[in-house]
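Scroll down for the structure; my scribbles are underneath it.
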Amino acid sequence: MIDLPLQLDLSLRLVIAAALGLAIGFEREIHGHPAGLRTHMLVAVGSGLFTVLSAYGFREVSGAVPNTAPIDPTRIAAQIVSGIGFLGAGAILKDGIVIRGLTTAASLWATSAVGMAAGAGEYIIAVVASATILVSLWPINALAERLHGTAAPAVQLRLSMDRLEVLGEVTGVLVSRRLEIGQISTQRVGKNAYQADLSIRGRTPSAISSAIEAIDAIAGVDIITTTQAD
């Protein structure tokens with residue numbers, strides 16, 4: 001049984017882990033990602049609790065008590081590193097041919113490390129790690145968007161094709177021009193007639209225009225809507 005003063009200290013560690021996880025989750029939440037406030041908070045608290053139990057929860061059956069066998073206090077915490085990967089995988093989504101959620105999955109994995117640090121009583125390390133994660137998610141993300149030009153408008157296209165194989169040629173052209181392709185939906189509208197809706201986003205409007213001209217040489221194309229980036 002853990003004595004009361006130590007229990008209070010361990011409880012404080014869990015509260016700190018929860019607060020830091022909440023801070024990281026806040027950034028994900030306001031940007032509309034699938035894993036937000038609650039998910040990051042739970043990951044941090046769970047990791048902290050596993051770490052606390054691993055280090056202090058089994059002292060009565062470990063070498064800390066005379067005539068008992070020693071137990072490695074890191075055995076549970078070590079499983080968090082690989083185990084959190086299953087949760088992160090659930091945040092990765094495939095939108096058309098674009099993979100989304102990798103950053104959120106990485107933030108969950110890193111948040112578990114923050115929880116482990118808080119659970120081990122390394123408050124300064126936990127706070128510094130949280131600050132670093134937030135910088136990577138917010139200011140660095142803004143820099144990446146500036147470099148990749150994701151502020152360029154998104155164009156919704158409707159393609160008319162006589163066979164579905166043409167869609168592969170179209171996406172090949174778009175990818176070769178380094179354009180981002182959103183979700184693609186296809187439907188058959190008649191005999192040897194197919195229709196596909198997709199959105200593309202490029203660094204500049206001129207890049208999108210040149211891509212549309214290239215697509216037009218392959219199949220009929222109509223511009224449905226043009227929207228600005230989020």
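The values are calculated or read from the model by the stated rules, or taken from the named source; none is laboratory data. Predicted, not measured: the structure shown is a model, and the values here were computed from it. Every residue, glycine among them, receives a Cβ derived from its backbone with ideal geometry; neighbour counts consider all protein chains shown.
Being farther than 30 Å from ILE181 by Cα, touching a Ser or Thr at 6+ places or on another chain (Cβ under 9 Å) and modelled with pLDDT of 75 or more narrows it down to one residue among ILE71, ILE24, ILE16, ILE80; which is it?
ILE80
Across region 27-64, what is the total count of residues that are modelled with pLDDT under 80 and under 20 Å from the mean Cα position of the chain (by Cα)?
Residues in region 27-64 being modelled with pLDDT under 80 and under 20 Å from the mean Cα position of the chain (by Cα): 5 in total.
Tally up the residues in region 173-190 that are part of a strand (DSSP E or B), under 16 Å from SER160 (Cα atoms) and touching a helix residue (DSSP H, G or I) at 6+ places or on another chain (Cβ under 8 Å), please. So that I can check it myself, show each step before the final result.
From region 173-190, those part of a strand (DSSP E or B) are 180-181, 185-190; that's our starting set.
Pick out the ones that are also under 16 Å from SER160 (Cα atoms) and you get 185-190.
Now drop any that are not touching a helix residue (DSSP H, G or I) at 6+ places or on another chain (Cβ under 8 Å), which leaves 186.
Going through region 173-190 one residue at a time, the tally reaches 1.
Determine whether region 35-42 contains at least one residue that is surrounded by 19 or more Cβ atoms within 10 Å (Cβ to Cβ), touching a residue at least 24 places away in the same chain (Cβ under 8 Å), part of a helix (DSSP H, G or I) and of a type in the set (A, V, I, L, M, F, W, C).
Within region 35-42, none of the residues are surrounded by 19 or more Cβ atoms within 10 Å (Cβ to Cβ), touching a residue at least 24 places away in the same chain (Cβ under 8 Å), part of a helix (DSSP H, G or I) and of a type in the set (A, V, I, L, M, F, W, C).
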